[in-house]
Amino acid sequence: MDSNWTLMKQGLPDVPTWQEYLYKKLEKNARIGIDPTLISALDANSLKSSLKPHGSQLVELDTNLVDQVWGSSRPARTLNPIVPLDVKFSGRSTEDKLKDLRDELKKKKVTAMAVTMLDEVAWLLNLRGSDIDFNPVFFAYALVTLDSATVYLNDSQVDDTVKKHLETNFVIKAYDSVFEDLKQFGSSITQKESILIGNKTSLAVASALGFEKVVINRSPITDAKAIKNSVEIEGFRQSHIRDGAALAQYFAWLEEQLNDGATLTESQAADKLAEYRSKLDLFKGLSFTTISSTGPNGAIIHYSPDPETCAVIKKDQIYLCDSGGQYLDGTTDVTRTWHFGTPRAKEKRAFTRVLQGHIAIDTLVFPEGTSGYIIDSFARRALWSDGLDYRHGTGHGVGHFLNVHEGPHGIGTRIAFNETFLQAGMTVSNEPGYYADGDFGIRLENIVIVRPHKTPNNFGDKGYLGFEHVTLCPIHRKLVDLEVLTTQERVWLNAYHKEVFEKISPLLKNDPRALSWLERETA
């Protein structure tokens, strides 16, 4: 950043949010221009209320001023083909999903819903795309009433297969006509009628419909999408088994290369992992940029290696790899931490504390009506006992062949995670970590599914839940300090490794290097 800019690290002490900055730092009676497509209606309402006592106001711009300055050098928006997702992968038809949505609209006593989140449109229509890197979504809006449904798509992305897929449930209209249609629809309903929009829907959509006509609430599609059906759950299991085979091949290859003295950059290694994944059945792409990080780079939580400048992987440093794939039957996200030389005592102890937090979440049993906010401290307890911690959430929801980060639930210290109870069928990551700035980073991540759990008793007739892990990749035993692990934790680790070997080894029968590595690492 050059001298034109001041960096404000939101979340640190005494650093205002950008919204606070507008009403605490700017002069009074300010006119603040804003692109209404880039702020939610809910946040805009809150911001307007905060600005009002200062005499300041938001001014909705017709066009984004940055776009005007950018001009012709701005890359064109990606518009890739849209494809149907077969019900054998989705587990539910578009008709069923529409029926459930309309039932929710009746319960909420609203006339219609404008669907604006791209993953919600994709889920509702059983369609997938690739307009945004790593996320199988496409640019679209939908308007669903009690007796009709319209989807707004770019015509160049729609072929006869998509038209046939949608013909009985949706009318297809041009993407660019959506705001004019929303204005007309908002004007056509009576004062007693209302339109539901999700709490992340843009100010532009709310303004088009008419603010007095909209009800802002959490989208019912968000909740429905978060609870996976039996077909989706089985898809998660199977996609993670295949993904685990690619991980075994990659880590076995990487270890051999380093032992042979090869020079490999973080980026080159990440490319090799992508190559192994690309050969798997039902593979559609990566689910995010691979975090391939050696030594101090591992302490940068969302590090991404630059092919031109990234570091060379060193045997005497910890190596952290966070990666994932998109498959027709599921989405994966897995982190493992390795040391291909001799780890230091402090690295082993920190790794073991992270592992203990990971096991604590994996084995946790909790009553229904419990949020991820409530259970987060179980993942940190072992780290806290050594005066250690980490500055990120413990878990995020995961989409089914959709966005790798999905709401509304999660596990973490953010109070927002207390708004949603964990429910059977939800998928969530389990990823405690520890990061020594400038030295090393550690994270262990599995995807788990919330499942009913049988308990000897059922206090309060609540019912109890637990987790089923689906990620299958060895946890590096060389980094485990056995003196720190309890007997029960050692039993868990042995059982996990037994499961990994039994499920992954059949897929490696034609790769003796990976099979030998897997056998050793799961002993």
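Here are a few things to note about the model shown:
- Thr471 β-branched (Val, Ile, Thr), open to solvent by 30 Å² or more (accessible area, probe 1.4 Å) and either part of a loop (DSSP other than H, G, I, E, B) or closer than 27 Å to Phe89 by Cβ (or both): no
- Scanning the range 227-277 for residues that are part of a helix (DSSP H, G or I), aliphatic (A, V, I, L, M) and under 25 Å from the mean Cα position of the chain (by Cα) yields Val231, Ile233, Ile241, Ala245, Ala246, Leu247, Ala248, Ala269, Ala270, Leu273, Ala274.
- Restricting attention to the range 131-153, the residues being in contact with an Asp or Glu (Cβ under 8 Å, 6 or more places away or on another chain) and open to solvent by 10 Å² or more (accessible area, probe 1.4 Å) number 4.
- Which listed residue, of Phe440, Phe459, is over 19 Å from Ala379 (Cα atoms), in contact (Cβ under 8 Å) with a residue 60 or more places away in the chain and either touching a strand residue (DSSP E or B) at 6+ places or on another chain (Cβ under 6 Å) or β-branched (Val, Ile, Thr) (or both): Phe440
- Summed over the range 18-34, the residues that are closer than 30 Å to Arg218 by Cα, free of Cβ contacts under 8 Å to residues at least 40 places away in the same chain and open to solvent by less than 40 Å² (accessible area, probe 1.4 Å) give a count of 2.
- Where Asp62 falls short, out of the listed (1) open to solvent by 90 Å² or more (accessible area, probe 1.4 Å); (2) without any contact (Cβ under 8 Å) to a residue 24 or more places away in the chain; (3) closer than 30 Å to Ser148 by Cβ; (4) not in a loop (DSSP other than H, G, I, E, B): (4)
- Scanning the range 304-320 for residues that are crowded, with 16+ Cβ neighbours inside 10 Å, touching a residue at least 40 places away in the same chain (Cβ under 8 Å) and part of a loop (DSSP other than H, G, I, E, B) gives Pro305, Cys310, Ala311, Ile313, Gln317.
- So Glu95, is it assigned to a helix (DSSP H, G or I), open to solvent by 30 Å² or more (accessible area, probe 1.4 Å), at pLDDT 95 or above and in contact with a strand residue (DSSP E or B) (Cβ under 9 Å, 6 or more places away or on another chain): no
- Matching residues, the range 179-196, being aromatic (Phe, Trp, Tyr) and modelled with pLDDT under 95: none
- Matching residues, the range 346-378, being more than 21 Å from Ile442 (Cβ to Cβ) and either open to solvent by 30 Å² or more (accessible area, probe 1.4 Å) or not assigned by the TED database to the domain that holds Pro432 (or both): Val365, Pro367, Glu368, Gly369, Tyr373, Ile374
- Single match in Arg451, Arg513, Arg490, Arg520 (criterion: assigned to a strand (DSSP E or B) and either without any contact (Cβ under 8 Å) to a residue 40 or more places away in the chain or of a type in the set (Lys, Arg) (or both)): Arg451
- Condition check for Pro432: at pLDDT 95 or above and surrounded by fewer than 18 Cβ atoms within 10 Å (Cβ to Cβ): no
The values are calculated or read from the model by the stated rules, or taken from the named source; none is laboratory data. Since the model is a prediction, treat every value here as computed from it, not as a measurement. Ideal geometry is used to build each Cβ from the backbone, glycine not excepted, and the neighbour counts take in all protein chains shown. With ligands, DNA and RNA removed, areas are computed over all heavy atoms of the protein, side chains included. Shrake-Rupley method; radii C 1.70, N 1.55, O 1.52, S 1.80 Å.
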